[in-house]
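Working notes for the structure below.
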Amino acid sequence: MDIMRTNWGYWVWMCVMGLAGLRGLAKAGCLEAGKCCKGRDLTCTTQGWRMDRVYGTCFCDQTCALTGDCCYDYSQACPARDCVVGEWSHWSGCANQCSPTVRVRRREVVQEPENGGETCPPLEEKAGCLEYYTSQGKDCGHSYVPAFITTSEYNKARRKRTLSRDWSSVTEDSGYCVEFQIQSLSQACLSENRPHARWMQYLREGYTVCVACQHPAMDIRNHRCYGDGNDTDGSKLLRWQAVGNPQCQGSWRKVKQVDKCSCPEVHSFIFT
C-alpha cells in the first residue's frame, strides 16, 4: 500500500507539473517576451508555439510572416500598420518651355508600412505639359499643337455667328492661307462615309491642300491659328486632325503662307 501511495503521489505531482508546464507553454510568445522587431532579426526569438502549431523556437520579426515561423501571437504583438501618405503637392511648372515635356507632383510618406501592412502607393505622378508662352510672354510651343481642320463649307455657317465679346472691340482680320503637302493620314479618313464628314475622303497623301486661318479661329493675342506652322519651314513635320472624327489625323509639311487660298474647293479647308 505504501508503495502504491508513493507511486500515486508521484503521478499526481507529475500531472500537476505537466499542466503547469503546458500553461507556461501556452503563454510563451511575442507578447510575453515583449518582442517585435523590424526586418529579419535572427535574435528576435522566443520559445513558444508557432503558427504552424509546432512548439519550439519562434520568431517575432517582420519577416517571419513570409518564412512561416512566427510565434502564434505575432499578429497581436506586432499589429499590421498600412502605409500612410500625405496630400499631393501642387503641380510643378513644365520642365521645359515651348516643347512637349512633363510636369510633376509628389507626396510624402507619413507612416512607413509595418508588420505586413499595405505598401505605399506611388509617391510621384507625371503628366504631359506644354507651355505656349515664355516667361517673357513670347509666343512659342504652338507648332507642337495639331492643326484642327474642317471643310471650308463650315465657314459659310460660321460667318453668320456673332463675334465673341473678346473680339467685340477688335477690327476683324482678313486672315491668311497656308498651303500644306500631306505626308501621312490614318485609314479612318478614307473610310469616313457619314454625310457631314465625307470631306475627309479628299485628304490624300502627297496632295497639296489649302487651309484658311480666318477671324473666328484666331488667337486674339497674336491673330494666328493654332497649328499653322508659323516660324517653321518645309523641313518640319507638323500634325493635323479632322474635326468630327478624332481618328482621322496625320502629318503634313508647310509649303507656304499666302494671302488668299487658291486650291480647288474639295482641297480647301479651314482652321477651327
*asked:* Taking the conditions exactly as written (modelled with pLDDT of 80 or more, open to solvent by less than 50 Å² (accessible area, probe 1.4 Å), closer than 23 Å to A242 by Cβ and not hydrophobic (A, V, I, L, M, F, W, C)), does G175 satisfy them or not?
replied: yes
_Qualifying positions in the stretch 57-88 - open to solvent by less than 40 Å² (accessible area, probe 1.4 Å), hydroxyl-bearing (S, T, Y) and in contact with a Lys or Arg (Cβ under 8 Å, 6 or more places away or on another chain)_ = T63
*asked:* I need the full set of residues from the stretch 220-261 which are in contact (Cβ under 8 Å) with a residue 60 or more places away in the chain and among the polar types (S, T, N, Q), in order please.
replied: N222, N230, T232, Q241, Q247, Q249, S251, Q257
*From the residues in the stretch 30-50 that are crowded, with 19+ Cβ neighbours inside 10 Å and free of Cβ contacts under 8 Å to residues at least 24 places away in the same chain, which one is nearest to the chain's Cα centre (by Cα)?*
C44
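Where in the stretch 222-272 are there strands (runs of 3 or more DSSP E), lying fully within it, with 3 or more residues that are closer than 15 Å to Y154 by Cβ and open to solvent by less than 40 Å² (accessible area, probe 1.4 Å)?
Working: elements: 237-242, 249-258, 268-271.
Per the criteria, 268-271.
Within the stretch 208-221, take every residue that is assigned to a loop (DSSP other than H, G, I, E, B) and open to solvent by less than 40 Å² (accessible area, probe 1.4 Å) and give me the one that is modelled with the lowest pLDDT.
Keep residues of the stretch 208-221 that are assigned to a loop (DSSP other than H, G, I, E, B), which gives 214, 218-221.
After this cut, where a residue has to be open to solvent by less than 40 Å² (accessible area, probe 1.4 Å) as well, the list is 214, 218-219.
On the way: Q214: 87, M218: 83, D219: 80.
Across the stretch 208-221, the extreme among qualifying residues is D219.
Give me a count of the residues in the stretch 222-234 that are closer than 18 Å to I182 by Cα and modelled with pLDDT of 80 or more. Spell out the reasoning first.
Taking the stretch 222-234 as the starting set, the residues that turn out to be closer than 18 Å to I182 by Cα are 226-230, 232-234.
In the following step, the residues that additionally are modelled with pLDDT of 80 or more were identified as 226-230.
Final tally of qualifying residues: 5.
Out of the stretch 98-121, which residues are open to solvent by 90 Å² or more (accessible area, probe 1.4 Å) and polar (S, T, N, Q)? Give the derivation first.
At the first step, the residues of the stretch 98-121 found to be open to solvent by 90 Å² or more (accessible area, probe 1.4 Å) are 106, 108, 110, 112, 118-119.
Correct list: T119 only.
Mind telling me which of the residues C98, C120 ends up being within 20 Å of the chain's Cα centre (by Cα) and part of a loop (DSSP other than H, G, I, E, B)? Working first, answer last.
Details: C98 fails: within 20 Å of the chain's Cα centre (by Cα).
Every option except C120 fails the conditions.
Please determine, by comparing only the residues of the stretch 178-196 that are more than 33 Å from the chain's Cα centre (by Cα) and modelled with pLDDT under 90, which one is nearest to P146 (Cα to Cα). Before you say what the answer is, go through the steps one by one.
Going through the stretch 178-196, the residues more than 33 Å from the chain's Cα centre (by Cα) turn out to be 178-181, 193-196.
Okay, now just the ones that are also modelled with pLDDT under 90, so 193-196.
Working: N193: 23, R194: 23, P195: 24, H196: 21 Å.
The qualifying residue nearest to P146 (Cα to Cα) is H196.
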*asked:* Can you tell me how many residues within the stretch 178-207 are free of Cβ contacts under 8 Å to residues at least 60 places away in the same chain and surrounded by 16 or more Cβ atoms within 10 Å (Cβ to Cβ)?
replied: 4
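The values are calculated or read from the model by the stated rules, or taken from the named source; none is laboratory data. Treat the numbers as computed from the prediction; the structure is a model and nothing was measured. Glycine gets a Cβ as well: all are built from the backbone with ideal geometry, and neighbour counts include every protein chain shown. For the accessible areas, the whole protein counts, side chains as well, though only heavy atoms, and no ligand, DNA or RNA atoms are used. Shrake-Rupley method; radii C 1.70, N 1.55, O 1.52, S 1.80 Å.
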